[in-house]
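The numbers here are math on the coordinates, done by the rules we state, and not lab data. Predicted model only: the values in this text are computed from it and were never measured. FYI the Cβ positions are ideal-geometry reconstructions off the backbone, even for glycines, and counts take in every protein chain you see.
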Amino acid sequence: MKPTPVALFSIFASTTLFAQESQSTKDFAGSPVVAEGASLVLASEAFKFTEGPACTTNGDVYFTDQPNDRIHRWVADTGKIELFLEPAGRANGLFVDPSDGTLLACADEENELWRIDLKTKKHEVLLATFEGKRFNGPNDVWVLPNGDLYFTDPFYKRPYWKRGDRELSQQVYFLPKGSNAAKRVTDDLVQPNGIVGKGDHLYVADIGDKKTYRYRIGDDGRLSDRTLWTDMGSDGMTIDEAGNLYLTGKGITVVSPEREKIEHIPVPEGWTANVCFGGKDRRTLVITAMDSVYTLAMKARGVLSSN
């Protein structure tokens, strides 16, 4: 999440919300990724700052409203948005664990990583420290098919923290499924934020250095073969079946596997924080941007973690 003064946000009290057409009218004719005739749809603007969209196997998307300490659910069947959990540990980035269907949450209030049972809504704390030092604030998380995971740990000073300055450098960590000890797997990033994977590759956006890298994932979780993928950072990210990478910030920029910028999706908000593919066929782009959530019909199909 990009640090933004809460005074800029507006809030409306509602837990079930309905979609309407956005005023953004870009013509996507001929787009390699956006469906013909599609337009951006405003699902709701009833939040303070939306983040962390994560898709379940049935196409529903969970996302966070961090300043209001809530997790909401966009329902694939109806397009409605419902309140799922409050309080929610000031959750930021989310990802659904493909190995067991639980929800991983970067719980920023106490700088923890949580696992949430979607049926009971109960959570367990997976991590809070590294080598006895408090995490900066786990921000974004991506989970492999077997439940192993990676997360970014940038430092964004929050107004609700009662802690001092950061105790760790801002890097990427790996946590094997069932372990209670993370491994730091980068040492040369400035401020990593967005993270997503496909196959045996992991993409990490270094928003502090305005760059995004691709790494090869090793059998032990170690990362190698760092490649500069694009001279853009990103807040949150997602990827489609063809390997196109979707970066956020000023709208959404789509970068092809050949590292070319092939599409820009304008979003009528000051900052686009995150994005994921949702819906039963994973052809609906769900976009979190400032106080709003948008959707966009796509030609492209998002990947499952097992792809």
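Tabulated data
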| item | result |
| --- | --- |
| Extension gain (nm, one decimal) between Val190 and Glu86, 0.36 nm per residue minus Cα-Cα | 34.2 nm |
| Amide H contacts under 5 Å for Lys299, placed H, 5+ residues apart | Val34, Ala35 |
| Spin-label model distance (nm) - Ser179 vs Asn58, 7 Å beyond Cα toward Cβ | 3.3 nm |
| Calculated Rg and Dmax of the range 20-136 using C-alpha coordinates, Å | 16.6, 54 |
| Peptides 85-94, 236-245, 212-221 ordered by average Cβ neighbours within 10 Å, highest first | 85-94, 236-245, 212-221 |
| Hydrodynamic radius by Kirkwood, which averages 1/r over all alpha carbon pairs of the chain, in angstrom | 18.9 Å |
| Pairwise label distance in nanometres, Lys121 with His264, each label 7 Å out on the Cα-Cβ vector | 4.2 nm |
